[in-house]
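Quick note: the coordinates plus some simple rules give every number you see, no bench work behind them. Owing to the predicted nature of the structure, the values given are computational and were not obtained by experimental measurement. Cβ placement follows ideal geometry from the backbone for every residue including glycine, while neighbour counts extend to all protein chains displayed.
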Amino acid sequence: MKIINNKKKTGATFTPELLANFLVNKLLQYYKYLSYTSCVLDPACGDGALLVALYKKGKVASSNIIGYDTNNTYLSVAKQCIAEISHNNDSQFYNEDFLAVCPNNQDIFSTNIKREFADLIIANPPYVRTQVLGAEKAQQLAKDFNLTGRVDLYYPFFMAMTNALKIGGILGVITSNRYICTKSGSDIRKYLLKNYHVLEVIDLGDSKLFDAAVLPAIFIGIKKNPSEKSEVTPKYTSIYETAPTNNTKLAKSIFEVLNDDKAGVFNVNGTFFELKKGILRQGTDKSGIWQLDDNKNSSWISKIETNTSCRI
Ligand SMILES: C[S@@+](CC[C@H](N)C(=O)[O-])C[C@H]1O[C@@H](n2cnc3c(N)ncnc32)[C@H](O)[C@@H]1O
């Protein structure tokens, strides 16, 4: 009960089990190198929902599970949950600010800073406008991570997680979907395209999979060398509520819809959702907004691009 009250006070929104399993399954589908020696990290692990879902797949050793959280109460729950299912107390949980553990600006004299140690990162970091943390902290974060404009806490988290990930390692993260198409997200879009082979982006839209105040999205990518060109064509999926059509399929849950191979309109317990599937189109330059390019959208987007004489 106490932890539920705490969650409300701090605005922390934990990942429900079904969504945690969905993300874990996606990561295992893409990343074939996971083994007992792999190091897995959740940099803002809360009560450990994502690490527990991953551990339950039987592919990782409890001693190679690493979790960070600034909230010690949540962290104790995470520690206890992993210890109960692994019958071991050897996971590594740290009550530290992850942004200070893997910052962008490296103080060469600091021994606490860690780099490129994780093979797999799974996360649902906080989504909070940094201004809410106070002007001083907001300015410090913007400076440390070289970010301008409206900064949300998951932007520096994207960067700190990248600092923690080995080249060739995989990142699977749930954030707000706002960075996909807002001006303030341009730095982060550019950063992600530069540092990752982007495998898949899933805009979970208004599917209300959990109790967050934002519309969530999943990003999955393999870390690459920034100078390496990506040959991967990223998949893009989106799901939004829609009006009923004549051609709807029945589905038991949003996850059944998301796992369907074909786009379409689905009836989930009387609510209708449109699933769109295509590839990620990034606009004219690396900071351009991300759009879903399916057969329907692509001719429309190409038409606009052909008829565009200038951009403001
Ligand atoms: C959205 S919750 C998600 C928790 C968990 N990853 C999950 O999926 O259920 C975000 C968590 O980030 C933690 N947090 C906030 N700022 C942090 C920071 N600077 N470093 C580490 N953890 C932080 C909060 O205490 C909270 O538990």
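This model, with +1 at the C-beta of Lys and Arg and -1 at the C-beta of Asp and Glu, gives region 167-312 a dipole about its Cα centre of some 400 debye. Mean residue ellipticity at 222 nm, helices only, the chain: -9000 deg cm²/dmol; runs of at least 4 DSSP H residues each add -39,500 (n - 2.57), and the sum is divided by the number of residues. If R0 is 22 Å, the Cβ-Cβ spacing of GLU228 and ASP144 corresponds to a FRET efficiency of close to 0.30. Stretching the chain fully between GLN29 and ASN95 yields a gain of 20.7 nm (0.36 nm per residue, less the alpha carbon separation). Potential lengthening of the chain between TYR36 and PHE117 amounts to 27.7 nm, from the contour at 0.36 nm per residue minus the alpha-carbon distance.
Using 0.36 nm times the number of residues separating ILE279 and GLU241, minus their current alpha carbon distance, what extension gain do you get? Contour length minus Cα-Cα distance gives 11.6 nm. When LEU250, LEU51, LEU19 are arranged by Cβ crowding within 10 Å, least crowded first, meaning fewest neighbours, the order is LEU250, LEU19, LEU51. Over 26 Å apart at the Cα level, from the set LYS79/LYS224; LYS26/LYS223; LYS79/LYS166; LYS224/LYS296; LYS57/LYS166; LYS143/LYS208, are LYS79/LYS224; LYS224/LYS296; LYS143/LYS208. Basic side chains Lys and Arg get +1 at the Cβ, acidic Asp and Glu get -1 at the Cβ, and with that the dipole of the chain about its Cα centre reaches some 440 debye. When CYS39, CYS102 are sorted by how many other C-beta atoms sit within 10 angstrom of their C-beta, beginning with the fewest, the order is CYS39, CYS102. For the chain, a Gaussian network of Cα nodes joined below 10 Å ranks ALA142, ALA49, ALA78 by mean-square fluctuation, and the top entry is ALA142. Here's how it looks for LYS224: its modeled amide H is under 5 Å from those of GLY168, TYR196, HIS197, which are all 5 or more places away or on a different chain.
Straight-line cross-link reach from LYS249 at under 13 Å between alpha-carbon atoms covers these aspartates and glutamates, not counting any fewer than eight positions away in the same chain: ASP260, ASP261, GLU274. Taken over the alpha carbons of region 161-299 as equal point scatterers, the Debye sum produces base-10 log I(q)/I(0) values at 0.11, 0.12, 0.14, 0.19 Å⁻¹ of -0.43, -0.51, -0.68, -1.14. Sorting SER76, SER176, SER91 by the number of Cβ atoms found within 10 Å of their own Cβ, with the fewest placed first, yields SER76, SER176, SER91.
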